[in-house]
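Okay, structure first, notes after.
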Amino acid sequence: MSDSVIQANLRNIQESIRKAAVKAGRAPDSVRLVAVSKFHPADAVIEAVSAGQSLFGENRVQEAAAKFEDIRARGYSADLHIIGSLQRNKVKDAVRIASCIQSVDRPELMAEIEKQCAKIGKTIDILFELHTGEDSKSGFPDTESIRQALSDCAEGKFPHLAPKGFMTMAPNTTDKDAVTSSFVKLRTCAEQMQRLFPQFPLTELSMGMSQDYEIAIAEGATMVRIGTAIFGERSY
Ligand SMILES: *Cc1c(COP(=O)(O)O)cnc(C)c1O
(Lines give C-alpha, C1' and ligand atoms only; values in the text may rest on other atoms or scores of the structure.)
Protein backbone atom coordinates (compact mmCIF):
# COMPACT_ATOMS: atom_id res chain seq x y z
CA MET A 1 0.00 0.00 0.00
CA SER A 2 1.43 3.37 -0.95
CA ASP A 3 2.00 6.18 1.52
CA SER A 4 -0.77 8.44 0.28
CA VAL A 5 -3.32 5.66 0.68
CA ILE A 6 -2.55 5.39 4.41
CA GLN A 7 -2.88 9.16 4.78
CA ALA A 8 -6.19 9.23 2.90
CA ASN A 9 -7.51 6.30 4.93
CA LEU A 10 -6.55 8.07 8.16
CA ARG A 11 -8.34 11.25 7.11
CA ASN A 12 -11.47 9.32 6.14
CA ILE A 13 -11.54 7.31 9.36
CA GLN A 14 -10.97 10.39 11.51
CA GLU A 15 -13.83 12.10 9.72
CA SER A 16 -16.24 9.19 10.16
CA ILE A 17 -15.23 8.86 13.83
CA ARG A 18 -16.16 12.50 14.34
CA LYS A 19 -19.45 12.02 12.48
CA ALA A 20 -20.34 8.92 14.49
CA ALA A 21 -19.60 10.80 17.73
CA VAL A 22 -21.79 13.74 16.75
CA LYS A 23 -24.56 11.39 15.64
CA ALA A 24 -24.44 9.82 19.11
CA GLY A 25 -24.78 13.26 20.70
CA ARG A 26 -21.16 13.31 21.80
CA ALA A 27 -18.33 15.79 21.27
CA PRO A 28 -16.65 15.25 17.88
CA ASP A 29 -13.22 14.80 19.49
CA SER A 30 -14.37 12.46 22.27
CA VAL A 31 -13.08 9.29 20.58
CA ARG A 32 -9.36 8.53 20.20
CA LEU A 33 -8.10 6.50 17.29
CA VAL A 34 -5.68 3.67 18.04
CA ALA A 35 -4.05 2.79 14.72
CA VAL A 36 -3.42 -0.95 14.81
CA SER A 37 -0.18 -1.52 12.92
CA LYS A 38 0.37 -5.23 13.55
CA PHE A 39 1.93 -7.04 10.58
CA HIS A 40 2.67 -3.70 8.90
CA PRO A 41 6.23 -2.38 8.70
CA ALA A 42 7.84 0.56 10.50
CA ASP A 43 7.57 2.64 7.33
CA ALA A 44 3.78 2.35 7.38
CA VAL A 45 3.72 3.58 10.98
CA ILE A 46 6.04 6.47 10.11
CA GLU A 47 3.73 7.43 7.26
CA ALA A 48 0.83 7.55 9.71
CA VAL A 49 2.91 9.55 12.23
CA SER A 50 3.73 12.03 9.47
CA ALA A 51 -0.01 12.38 8.86
CA GLY A 52 -0.53 13.33 12.51
CA GLN A 53 -1.42 9.96 14.03
CA SER A 54 0.27 9.56 17.41
CA LEU A 55 -1.26 6.47 19.01
CA PHE A 56 -0.69 2.89 17.81
CA GLY A 57 -1.76 -0.57 18.89
CA GLU A 58 0.10 -3.85 18.52
CA ASN A 59 -0.75 -7.29 19.80
CA ARG A 60 2.56 -9.10 19.54
CA VAL A 61 5.25 -7.80 21.84
CA GLN A 62 8.28 -9.09 19.94
CA GLU A 63 7.12 -7.62 16.65
CA ALA A 64 6.15 -4.36 18.35
CA ALA A 65 9.45 -4.02 20.24
CA ALA A 66 11.58 -4.34 17.12
CA LYS A 67 9.33 -2.04 15.09
CA PHE A 68 8.84 0.73 17.64
CA GLU A 69 12.48 0.77 18.71
CA ASP A 70 13.35 1.27 15.06
CA ILE A 71 10.73 4.01 14.64
CA ARG A 72 11.87 5.86 17.78
CA ALA A 73 15.55 5.47 16.90
CA ARG A 74 14.74 7.19 13.62
CA GLY A 75 13.48 10.19 15.60
CA TYR A 76 9.71 9.72 15.41
CA SER A 77 7.57 9.75 18.51
CA ALA A 78 4.80 7.20 18.57
CA ASP A 79 2.75 6.16 21.58
CA LEU A 80 2.06 2.44 21.82
CA HIS A 81 -0.66 0.39 23.50
CA ILE A 82 -0.50 -3.39 23.76
CA ILE A 83 -3.90 -4.77 22.73
CA GLY A 84 -3.35 -8.52 22.38
CA SER A 85 -3.26 -11.35 24.88
CA LEU A 86 0.00 -11.17 26.75
CA GLN A 87 2.15 -14.05 27.93
CA ARG A 88 4.02 -13.66 31.18
CA ASN A 89 7.46 -13.92 29.59
CA LYS A 90 6.65 -10.99 27.27
CA VAL A 91 5.65 -8.58 30.01
CA LYS A 92 9.17 -7.26 30.61
CA ASP A 93 9.44 -6.02 27.02
CA ALA A 94 5.80 -4.90 26.90
CA VAL A 95 6.12 -2.49 29.83
CA ARG A 96 9.33 -1.10 28.40
CA ILE A 97 7.82 -0.12 25.04
CA ALA A 98 4.16 0.65 25.82
CA SER A 99 2.33 3.32 27.82
CA CYS A 100 -0.77 1.18 28.29
CA ILE A 101 -1.64 -2.51 28.41
CA GLN A 102 -5.23 -2.70 27.17
CA SER A 103 -5.49 -6.47 27.35
CA VAL A 104 -5.16 -7.15 31.09
CA ASP A 105 -7.20 -10.31 31.54
CA ARG A 106 -6.03 -12.15 34.69
CA PRO A 107 -4.59 -11.50 38.16
CA GLU A 108 -1.31 -13.33 37.42
CA LEU A 109 -0.68 -10.95 34.56
CA MET A 110 -1.27 -7.97 36.85
CA ALA A 111 1.27 -9.36 39.30
CA GLU A 112 3.86 -9.75 36.56
CA ILE A 113 3.22 -6.25 35.16
CA GLU A 114 3.61 -4.89 38.69
CA LYS A 115 6.89 -6.75 39.16
CA GLN A 116 8.41 -5.62 35.86
CA CYS A 117 7.25 -2.01 36.26
CA ALA A 118 8.62 -1.85 39.80
CA LYS A 119 12.03 -2.94 38.46
CA ILE A 120 12.22 -0.02 36.06
CA GLY A 121 10.33 2.49 38.22
CA LYS A 122 7.49 2.94 35.74
CA THR A 123 3.77 3.27 36.33
CA ILE A 124 1.74 1.94 33.43
CA ASP A 125 -1.87 2.51 32.41
CA ILE A 126 -4.02 -0.59 32.20
CA LEU A 127 -7.44 -1.46 30.84
CA PHE A 128 -9.33 -4.51 32.03
CA GLU A 129 -10.39 -6.68 29.13
CA LEU A 130 -13.85 -8.17 29.52
CA HIS A 131 -14.91 -11.25 27.59
CA THR A 132 -18.19 -10.24 25.94
CA GLY A 133 -18.29 -12.07 22.62
CA GLU A 134 -18.85 -15.68 21.67
CA ASP A 135 -15.76 -16.37 19.62
CA SER A 136 -12.97 -14.51 21.39
CA LYS A 137 -11.40 -16.41 24.26
CA SER A 138 -9.59 -13.51 25.87
CA GLY A 139 -10.64 -11.30 28.73
CA PHE A 140 -11.79 -11.59 32.31
CA PRO A 141 -14.82 -13.93 32.25
CA ASP A 142 -17.21 -11.55 34.01
CA THR A 143 -17.71 -8.29 35.87
CA GLU A 144 -17.19 -9.98 39.24
CA SER A 145 -13.65 -11.06 38.36
CA ILE A 146 -12.86 -7.49 37.29
CA ARG A 147 -14.35 -6.18 40.53
CA GLN A 148 -11.96 -8.46 42.42
CA ALA A 149 -9.02 -7.20 40.36
CA LEU A 150 -9.96 -3.59 41.00
CA SER A 151 -10.39 -4.35 44.65
CA ASP A 152 -6.78 -5.64 44.72
CA CYS A 153 -5.69 -2.39 43.07
CA ALA A 154 -7.66 -0.37 45.61
CA GLU A 155 -5.94 -2.24 48.43
CA GLY A 156 -2.58 -1.12 47.08
CA LYS A 157 -1.40 -4.52 45.78
CA PHE A 158 -0.32 -3.08 42.42
CA PRO A 159 1.12 0.41 42.99
CA HIS A 160 2.66 0.57 39.48
CA LEU A 161 -0.63 -0.14 37.70
CA ALA A 162 -2.93 2.78 36.87
CA PRO A 163 -6.42 1.48 36.02
CA LYS A 164 -8.01 3.68 33.36
CA GLY A 165 -10.95 1.68 32.06
CA PHE A 166 -12.02 -1.31 30.03
CA MET A 167 -11.56 -3.06 26.71
CA THR A 168 -13.42 -5.69 24.73
CA MET A 169 -13.64 -7.40 21.36
CA ALA A 170 -17.08 -7.91 19.88
CA PRO A 171 -17.85 -11.19 18.11
CA ASN A 172 -16.73 -11.24 14.51
CA THR A 173 -20.18 -11.28 12.93
CA THR A 174 -22.47 -9.19 10.77
CA ASP A 175 -25.18 -9.66 13.40
CA LYS A 176 -25.49 -6.06 14.58
CA ASP A 177 -27.47 -6.99 17.68
CA ALA A 178 -24.76 -9.38 18.89
CA VAL A 179 -22.10 -6.72 18.37
CA THR A 180 -24.18 -4.06 20.12
CA SER A 181 -24.88 -6.38 23.03
CA SER A 182 -21.15 -6.97 23.47
CA PHE A 183 -20.43 -3.22 23.66
CA VAL A 184 -23.36 -2.62 26.01
CA LYS A 185 -21.96 -5.30 28.33
CA LEU A 186 -18.66 -3.45 28.52
CA ARG A 187 -20.31 -0.09 29.15
CA THR A 188 -22.51 -1.57 31.86
CA CYS A 189 -19.47 -3.14 33.53
CA ALA A 190 -17.68 0.22 33.38
CA GLU A 191 -20.61 2.06 34.95
CA GLN A 192 -20.85 -0.45 37.78
CA MET A 193 -17.10 -0.39 38.45
CA GLN A 194 -16.91 3.40 38.38
CA ARG A 195 -19.59 3.53 41.09
CA LEU A 196 -17.72 0.99 43.24
CA PHE A 197 -14.25 2.50 42.72
CA PRO A 198 -14.61 6.28 42.45
CA GLN A 199 -10.91 6.65 43.37
CA PHE A 200 -9.94 5.42 39.88
CA PRO A 201 -10.69 7.37 36.71
CA LEU A 202 -12.24 4.43 34.85
CA THR A 203 -13.24 6.55 31.89
CA GLU A 204 -11.75 4.67 28.95
CA LEU A 205 -13.87 2.28 26.90
CA SER A 206 -11.71 0.70 24.21
CA MET A 207 -14.10 -1.02 21.81
CA GLY A 208 -14.70 -1.11 18.08
CA MET A 209 -12.52 -2.23 15.16
CA SER A 210 -12.62 -1.63 11.39
CA GLN A 211 -15.94 -3.49 10.99
CA ASP A 212 -17.85 -2.22 13.99
CA TYR A 213 -16.38 1.05 15.27
CA GLU A 214 -19.44 3.13 14.41
CA ILE A 215 -21.62 0.86 16.57
CA ALA A 216 -19.00 1.08 19.34
CA ILE A 217 -19.01 4.88 19.23
CA ALA A 218 -22.82 4.90 19.45
CA GLU A 219 -22.44 2.78 22.60
CA GLY A 220 -19.85 5.03 24.23
CA ALA A 221 -16.39 4.00 23.00
CA THR A 222 -13.65 6.48 23.93
CA MET A 223 -11.02 4.57 21.93
CA VAL A 224 -11.46 2.62 18.72
CA ARG A 225 -8.76 0.21 17.51
CA ILE A 226 -8.56 0.23 13.76
CA GLY A 227 -6.09 -1.64 11.59
CA THR A 228 -7.34 -2.87 8.23
CA ALA A 229 -9.29 0.28 7.35
CA ILE A 230 -6.08 2.32 7.72
CA PHE A 231 -3.22 0.06 6.66
CA GLY A 232 -5.03 -2.37 4.39
CA GLU A 233 -5.32 -6.13 4.61
CA ARG A 234 -2.65 -7.91 6.61
CA SER A 235 -0.59 -10.58 4.95
CA TYR A 236 -0.07 -13.21 7.63
C1 LIG B 1 -6.12 -6.63 15.03
C2 LIG B 1 -6.89 -6.03 16.14
C3 LIG B 1 -7.67 -4.88 15.95
C4 LIG B 1 -7.84 -4.20 14.61
O5 LIG B 1 -8.62 -5.00 13.76
P6 LIG B 1 -9.06 -4.48 12.30
O7 LIG B 1 -10.21 -5.35 11.97
O8 LIG B 1 -7.89 -4.69 11.41
O9 LIG B 1 -9.43 -3.07 12.41
C10 LIG B 1 -8.32 -4.34 17.06
N11 LIG B 1 -8.21 -4.90 18.28
C12 LIG B 1 -7.49 -6.01 18.51
C13 LIG B 1 -7.42 -6.57 19.88
C14 LIG B 1 -6.80 -6.61 17.44
O15 LIG B 1 -6.09 -7.72 17.68
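The values are calculated or read from the model by the stated rules, or taken from the named source; none is laboratory data. From a predicted model like this one, the values you see are computed outputs, not experimental measurements. Positions of Cβ are generated from backbone atoms using ideal geometry, with glycine treated the same way; all protein chains shown enter the neighbour counts. SASA here: full protein model, heavy atoms, side chains in, ligands and nucleic acids out. Shrake-Rupley method; radii C 1.70, N 1.55, O 1.52, S 1.80 Å.
Taking the stretch 191-211 on its own, how many of its residues are open to solvent by 30 Å² or more (accessible area, probe 1.4 Å) and away from the ligand (no atom under 16 Å from the Cβ)?
Count: 10.
Which residue out of Arg225, Arg187 is under 17 Å from Met169 (Cβ atoms), surrounded by fewer than 23 Cβ atoms within 10 Å (Cβ to Cβ) and modelled with pLDDT of 95 or more?
Selected residue: Arg187, the only one of Arg225, Arg187 that is under 17 Å from Met169 (Cβ atoms), surrounded by fewer than 23 Cβ atoms within 10 Å (Cβ to Cβ) and modelled with pLDDT of 95 or more.
Only residues that are touching a Lys or Arg at 6+ places or on another chain (Cβ under 8 Å), part of a loop (DSSP other than H, G, I, E, B) and not β-branched (Val, Ile, Thr): list them for the stretch 123-165, please.
Selection gives His131, His160.
Of all residues in the stretch 102-121, how many are open to solvent by 20 Å² or more (accessible area, probe 1.4 Å), of a type in the set (A, V, I, L, M, F, W, C) and under 25 Å from Gln192 (Cβ atoms)?
The number of residues fulfilling the criteria is 1.
Here is a list: Ser99, Ser4, Ser54. Which entry is farther than 27 Å from Ser136 by Cα, surrounded by fewer than 18 Cβ atoms within 10 Å (Cβ to Cβ), touching a residue at least 12 places away in the same chain (Cβ under 8 Å) and polar (S, T, N, Q)?
Result of the check over Ser99, Ser4, Ser54: Ser54.
Name the single residue, out of those in the stretch 69-85 being more than 12 Å from Lys38 (Cβ to Cβ) and in contact with a helix residue (DSSP H, G or I) (Cβ under 6 Å, 6 or more places away or on another chain), that is most open to solvent (accessible area, probe 1.4 Å).
Out of the qualifying residues, it is Tyr76.
Provide a single number: the residues in the stretch 7-45 that are away from the ligand (no atom under 16 Å from the Cβ), touching a residue at least 60 places away in the same chain (Cβ under 8 Å) and small (Gly, Ala, Ser).
Summing the residues that are away from the ligand (no atom under 16 Å from the Cβ), touching a residue at least 60 places away in the same chain (Cβ under 8 Å) and small (Gly, Ala, Ser) in the stretch 7-45 gives 3.
Take Asn59 and decide whether it is within 16 Å of the ligand (Cβ to nearest atom) and open to solvent by 30 Å² or more (accessible area, probe 1.4 Å).
Spelling it out, Asn59 is indeed within 16 Å of the ligand (Cβ to nearest atom) and open to solvent by 30 Å² or more (accessible area, probe 1.4 Å).
Scan the stretch 21-48 for residues that are open to solvent by less than 60 Å² (accessible area, probe 1.4 Å), part of a helix (DSSP H, G or I) and of a type outside the set (Asp, Glu) and report the count.
Total satisfying the criteria: 6.
Looking at the stretch 102-111, which of its residues are touching a residue at least 24 places away in the same chain (Cβ under 8 Å) and under 19 Å from the mean Cα position of the chain (by Cα)?
Gln102, Ser103, Val104, Asp105, Arg106, Pro107, Met110
If I ask for residues that are within 14 Å of the ligand (Cβ to nearest atom), more than 17 Å from Ser136 (Cα to Cα) and part of a loop (DSSP other than H, G, I, E, B), which ones from the stretch 212-236 would you list?
The answer is Ala221, Gly227, Gly232, Glu233, Arg234, Ser235, Tyr236.
Mind listing just one residue for me: the one in the stretch 122-137 that is acidic (Asp, Glu) and closer than 10 Å to Pro171 by Cα and, of those, most open to solvent (accessible area, probe 1.4 Å)?
Residue satisfying both the conditions and the ranking: Glu134.
Does Ala170 meet the test of being within 16 Å of the ligand (Cβ to nearest atom), of a type in the set (A, V, I, L, M, F, W, C) and within 19 Å of the chain's Cα centre (by Cα)?
When the stated conditions are applied, Ala170 passes them.
If I ask for residues that are among the polar types (S, T, N, Q) and within 16 Å of the ligand (Cβ to nearest atom), which ones from the stretch 179-190 would you list?
Of everything in the stretch 179-190, just one residue is among the polar types (S, T, N, Q) and within 16 Å of the ligand (Cβ to nearest atom), namely Ser182.
Among the residues of the stretch 53-90 satisfying the criterion of being in a helix (DSSP H, G or I) and within 15 Å of the chain's Cα centre (by Cα), which is nearest to Ile101 (Cα to Cα)?
This residue is Val61.
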